[in-house]
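K.L.:
Let me begin by handing over the structure; questions about it come next.
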Amino acid sequence: MKAATRGTEEPATSAESSSGVQRDSRPRLTCTDLFCGAGALALGFHQAGFETVLAVDNEPSAVQTFNENLGPRAVLADLTTPLELPPTDIIIGGPPCQGFSSAGLRRWGDARNTLIGWFAQTVAQLQPRAFLFENVEGFLTGEDGRWLIDLLEPLVEAGYRIHLRKVNAANYGVPQHRKRVIAVGGLGFDPTFPLPTHTARGAPGAHLAGRHLPPGPTLAEALTGLPPASPVLPGYPDDHYYRPLAGVDLQRCHGLGQGQTMRDLPEDLWHDSYRRRAHRRVMDGTPTERRGGAPAALRRLHADQPSKAVTSAAVREFIHPHEDRLLTLREAARLQTFPDDFHFLGSFSERAQLIGNAVPPRLAEVFARQLSRDLSEPSRVAERGALISFVPTLSQGMSPALAYTASVVASMFQRPAGRVDQTALCL
């Protein structure tokens, strides 16, 4: 892995245009997006004034979607092979989480998990001024914290000063309860971790981010302005259509009130797959660590709360709060804060996956704007690389797995030059 040589940066100056108007001649901040997906992270950074110099993914539909919406910056490549990357101010990315996401079957030997270490080594070798890393909350406890250490160790050794915290996107103005782990690091300076801007209800712990803050947007507010969904393709805006339900599917849908799930239906209306998982016992031989998350099932969403986390299955499982139909792809994209003119390419399932895997652009923009301020006037420090804050939860208690991870982190990084702050913020 190598980077092109960075030229000498000129100090910011102002120049006068031919019209006599002063303009800012400072070079635009740049970012490189690894594991770019549809381009949600890059979109948030673009909205904050960054220029994407390169984006990389190994899924054709992701690369096509990125280039359709954000310009020809994305390339199709195997990220485990050597790449020559251009000079950049910041590297951003969310390596694939399928190996340890709580939404699916955990495969502890999944080769994709090694991409966490690959991301860290890439940043450590290329030495951008800053980085941003995003992943699912299961990242904190996977393999007894091994993936967390794979991320932090090379970056701290390379001189990065890092905040790593679990956040709920609903606390940053996203109409969705989406818990994610975000790490931001600065090379030679302490970056600023943005404080929550909203409180929220409808999910455990969401209110802990700040009872004094204004409430975040609800699902109903997020969908305001959309025309009625169409039962025929392609819908307007793009992808705002649904398949009408009939028979037992319509019965299930009609039988659920807001906030209710498959478990609230009579058992004779349960999906076969739900019934099998609902009655599964530990004695079935499935190892505990591979039992996956909650059974896949239907759920009617609350109109006056943020949505539950949007995944690739949302358009198969999430029922509109007032209509007896599933959400449309466009509604799922709205909940992820994509603009209506953002077009997703690929098959239906590929588009659903691109939407479900995305970082909400609104969340990305919050962090991008703060990093832009930090990079414009960084507070230089003489200290070495360090984990300067670690907030894995705002709750008072921790699961045994998370408590173990926290103890490992403290033993490795709680040093005089890198004291770990585990204080819950904005209570």
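The values are calculated or read from the model by the stated rules, or taken from the named source; none is laboratory data. Owing to the predicted nature of the structure, the values given are computational and were not obtained by experimental measurement. Neighbour counts are summed over all protein chains in view; Cβ atoms, including those assigned to glycine, are modelled from backbone coordinates with ideal geometry.
K.L.:
What are the residue pairs meeting all of these: first residue in region 366-389, first residue in a helix (DSSP H, G or I), second residue among the acidic types (D, E), Cβ atoms under 9 Å, and 6 or more apart or on different chains?
P.N.:
F367/E134; L371/D89; D374/D190; L375/D89
K.L.:
Among R362, R373, which is the only one that is under 21 Å from V123 (Cβ atoms) and of a type in the set (K, R)?
P.N.:
None of the other options fit; the residue is R373.
K.L.:
Does region 168-180 hold any residues that are out of contact with any His (no Cβ under 8 Å at 6 or more places or on another chain) and either surrounded by fewer than 23 Cβ atoms within 10 Å (Cβ to Cβ) or not assigned by TED's automatic domain parsing to the domain that holds S395 (or both), and which are they?
P.N.:
Residues satisfying the conditions are K179, R180.
K.L.:
In region 92-114, is there at least one residue being part of a loop (DSSP other than H, G, I, E, B), modelled with pLDDT of 95 or more and either farther than 25 Å from T311 by Cβ or more than 19 Å from the chain's Cα centre (by Cα) (or both)?
P.N.:
No, because not a single residue in region 92-114 is part of a loop (DSSP other than H, G, I, E, B), modelled with pLDDT of 95 or more and either farther than 25 Å from T311 by Cβ or more than 19 Å from the chain's Cα centre (by Cα) (or both).
K.L.:
Condition first: touching a residue at least 12 places away in the same chain (Cβ under 8 Å), under 28 Å from the mean Cα position of the chain (by Cα) and under 20 Å from L345 (Cβ atoms). Now tell me which residues in region 219-241 satisfy that.
P.N.:
G235, P237, D238, D239, H240, Y241
K.L.:
While we're looking at this one, here's another question. Which count do you get for residues in region 202-235 that are out of contact with any strand residue (DSSP E or B) (no Cβ under 7 Å at 6 or more places or on another chain) and at pLDDT 95 or above?
P.N.:
11
K.L.:
Here is a list of conditions, (1) modelled with pLDDT of 75 or more; (2) surrounded by 15 or more Cβ atoms within 10 Å (Cβ to Cβ), and A296 meets all of them except one; can you say which number that is?
P.N.:
All conditions pass for A296, except number (1).
K.L.:
Checking T199 against (1) touching a Lys or Arg at 6+ places or on another chain (Cβ under 9 Å); (2) surrounded by 21 or more Cβ atoms within 10 Å (Cβ to Cβ); (3) of a type in the set (S, T, Y), which test does it fail?
P.N.:
Of the numbered conditions (1) touching a Lys or Arg at 6+ places or on another chain (Cβ under 9 Å); (2) surrounded by 21 or more Cβ atoms within 10 Å (Cβ to Cβ); (3) of a type in the set (S, T, Y), the odd one out for T199 is (2).
K.L.:
Mind checking whether some residue in region 267-276 is in contact with a strand residue (DSSP E or B) (Cβ under 7 Å, 6 or more places away or on another chain) and modelled with pLDDT of 85 or more?
P.N.:
Within region 267-276, not a single residue is in contact with a strand residue (DSSP E or B) (Cβ under 7 Å, 6 or more places away or on another chain) and modelled with pLDDT of 85 or more.
K.L.:
Now a separate question. What is the one condition in (1) closer than 19 Å to L85 by Cβ; (2) in contact (Cβ under 8 Å) with a residue 60 or more places away in the chain that L151 does not satisfy?
P.N.:
(2)
K.L.:
Then there is this: Residue by residue through region 313-350, note down the ones that are surrounded by fewer than 19 Cβ atoms within 10 Å (Cβ to Cβ) and assigned to a loop (DSSP other than H, G, I, E, B).
P.N.:
A313, H322, E323, D324, R325, P339, D340, D341, H343, L345, G346, S347
K.L.:
Quick one: is R178 modelled with pLDDT under 95 and more than 14 Å from A130 (Cβ to Cβ)?
P.N.:
No, not satisfied.
K.L.:
Would it be correct to say that L213 is over 22 Å from F338 (Cα atoms) and in contact with a Ser or Thr (Cβ under 7 Å, 6 or more places away or on another chain)?
P.N.:
yes
K.L.:
What are the pairs, 6+ residues apart or on separate chains, where a residue within region 60-88 that is of a type in the set (F, W, Y) has its Cβ under 6 Å from a residue that is part of a loop (DSSP other than H, G, I, E, B)?
P.N.:
F66/C36; F66/G39
K.L.:
Still on this structure, please answer the following. Give the residues of region 202-214 that are under 27 Å from T328 (Cα atoms) and surrounded by 15 or more Cβ atoms within 10 Å (Cβ to Cβ), sorted by residue number.
P.N.:
Selection gives G202, A203, A206.
K.L.:
Modelled with pLDDT under 95, assigned to a strand (DSSP E or B) and closer than 19 Å to L132 by Cβ - does that describe any residue in region 192-201?
P.N.:
So far as region 192-201 goes, no, none of its residues is modelled with pLDDT under 95, assigned to a strand (DSSP E or B) and closer than 19 Å to L132 by Cβ.
K.L.:
Among the residues of region 360-397, which ones are surrounded by fewer than 16 Cβ atoms within 10 Å (Cβ to Cβ) and in contact with a helix residue (DSSP H, G or I) (Cβ under 8 Å, 6 or more places away or on another chain)?
P.N.:
Residues satisfying the conditions are E383, R384, S395.
K.L.:
R6 versus (1) in the same structural domain as G186 (by TED's automatic domain parsing); (2) touching a Pro at 6+ places or on another chain (Cβ under 6 Å); (3) at pLDDT below 95; (4) not aromatic (F, W, Y): which is the lone unmet condition?
P.N.:
(1)
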